[in-house]
Amino acid sequence: MSNSAGDPIKLLVLTTSYPIARNSISGIFVKRLAEALHQRCQVAVLAPAGSGESVAQTPVLNMFRYAPHRYQVLAHGAGGIPVQLKLKPWMVLWLPFFLGAFLFSAWRHAGRADLLQANWAISGVIAVCVGKLRKKPVVTTLRGADVNPGGGALNKLLLSWAVRYSDAVVAVSDDMQARLGSIYPTLSGKVTVIHNGVDPEFLSRPCAASALDSTNDKPRIIFVGSLIQRKNVELLLHAIAWLQQEGWEPVCTLVGDGPESAHLRQVAEDLKIASRVRFVGQKTPLEVADLLAGHTIYISASLQEGRPNSVIEAMAAGCCCLLSDIAGHRELVREGNNALLFNPEQASSLSAVIKRVLSSPQLRSALGHSARRYITDNALTWDGCASKYETLFANVLDPVRLAKA
């Protein structure tokens, strides 16, 4: 994609979460999108600094400092800024410095950009402020936490500002687009759905749901994500306990980290299933792809989601996916032939669907293969995602070009 002079579009990506350190997965999907866009545009990324060692990356990564090095822990933890503020309310003292540094750094870097692409509402607010000053168009991508029905007054204010003053808004799910349309009916025309993609690594291995058929191993269950309350991982542990009581011998791998980690370990001990549950911490995308390929069943028990990347990746891996019955999951399920849904408030509901797929290798395999076909049939790759952004950027930039002509 090029500008009116024939040069590549200069894109500044603003984000509060990005893998700034080696092997970090913080905001990995933002990085994947930036990498795919880098094949089409001249991309620079602006993200907050962290408290650890950072590494140089391509696309070019710029970081802004907002506190002494050891205290720069507001943005890159599990669950992002909202969870960090909930866990450590005193961190709100750093928020004005964070926003001020973000605003100044964005204004400085925006001078070399043709267009600003912001991730999450808080970055969108920064982008629209800078965009007005610099006369640069802004595209804001909203994600699950932005359109959370339970969000507080500050969250609603940030969302309103980002939606109203961005030149275009991207929702990562159909449900999110519908909710934005109901909240801002007069602005619904500026909201476009662009689904996130997956890395080819997740599609390159044999279908995971068929793995159990060729071994005498125990049923293998996996979860990938932040260990935070809304992921509802405790329900999964209770379901494992139910299965154990009924004579099944599942093993469960929890991939990720977060503030609920210690509590979940204690729950596993209390339920006497600690020997069946592995806490493996955060893993790189390649390691996650390897782990998914070795597990038959993927479970997401979340209470609220936008369009979770971890589920998309599990589907691409060909896992048999069992998902909580929430809007962010329902739009991924096609007539029950690529995943099964369960009540996220009842461990018995989850254990019932687990037993159903464990009892039927044919169903398990069919769900896994159908899940993978859903990804390929809908071209849910990062390159396909970047192509849709490229079209959107061109549509946003055209009026700007005409005004300058």
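Placing a label point 7 Å from the Cα of GLN229 along the Cα-to-Cβ line, the residues of segment 293-314 whose backbone N sits under 14 Å from it are 303-304. Rounded to the nearest Hz, the phi-derived 3J(HN,Hα) couplings of segment 90-104 under the Karplus curve 6.51 cos²θ - 1.76 cosθ + 1.60 (θ = phi - 60°) are 4, 5, 4, 5, 7, 4, x, 5, 4, 5, x, 5, 5, 4, 5, where x marks glycine and proline.
By per-residue mean of other Cβ atoms within 10 Å, what is the highest-first order of 302-312, 316-326?
316-326, 302-312
Each residue of segment 254-266 is assigned a 3J(HN,Hα), and the resulting list reads 9, 9, x, 9, x, x, 8, 4, 4, 4, 5, 4, 5 Hz, derived from the Karplus form 6.51 cos²θ - 1.76 cosθ + 1.60 (θ = phi - 60°), x at Gly and Pro.
Order these peptides, 10-17, 196-203, 66-73, by their mean beta-carbon neighbour count within 10 angstrom, highest first.
Working: 10-17: 24.9, 196-203: 20.8, 66-73: 14.4.
Peptide ranking by packing, descending: 10-17, 196-203, 66-73.
Counting heavy atoms of the protein chains alone, MET63 has an accessible area of about 70 Å² for a 1.4 Å probe. Phi-derived couplings, Karplus 6.51 cos²θ - 1.76 cosθ + 1.60 at θ = phi - 60°, listed residue by residue for segment 194-205: 10, 6, 5, x, 10, 6, x, 4, 6, 9, 8, 9 Hz, with x used for Gly and Pro. Between 0 and 90 degrees, the angle of helix 361-377 with respect to the longest Cα principal axis of the chain falls at about 10 degrees. For the chain, the fraction of C-alpha pairs farther apart than 31 angstrom is 38 percent. Could you give the angle, 0 to 90 degrees to the nearest 10, between helix 174-183's Cα long axis and the longest principal axis of the Cα atoms of the chain? It works out to around 50 degrees. In terms of Cα to Cα distance under 22 Å, which lysines are near enough to LYS135, apart from those fewer than 8 places away along the same chain? Hits, sequence-local ones excluded: LYS10, LYS190, LYS404.
Against the chain, whose longest principal axis is taken from its Cα atoms, helix 28-38 shows a tilt of about 50°.
Which entries of LYS231/LYS355; LYS86/LYS156; LYS86/LYS388 have Cα-Cα distances beyond 28 Å here?
Over 28 Å Cα-Cα: LYS86/LYS388.
Ligands, DNA and RNA aside, TRP107 has an accessible area near 110 Å² when probed at 1.4 Å. Legend: calculated FRET efficiency, ASP383 to ASP290, from the Cβ-Cβ distance at R0 = 22 Å, rounded to 0.05, equals 0.50. List every residue whose amide H lies under 5 Å from the amide H of THR253, counting only residues 5 or more places away in sequence or on a different chain, with H placed 1.01 Å from N in the peptide plane. Amide H neighbours of THR253, under 5 Å, 5+ apart: ILE221, ILE222, PHE223, ARG278.
The values are calculated or read from the model by the stated rules, or taken from the named source; none is laboratory data. Just so it is clear, the model here is predicted, and its values are computed rather than measured. Don't worry about glycine lacking a Cβ; one is built from the backbone with ideal geometry, like all the others, and counts go over all protein chains shown. Just the protein is used for accessible areas: all its heavy atoms, side chains included, with ligands, DNA and RNA removed. Shrake-Rupley method; radii C 1.70, N 1.55, O 1.52, S 1.80 Å.
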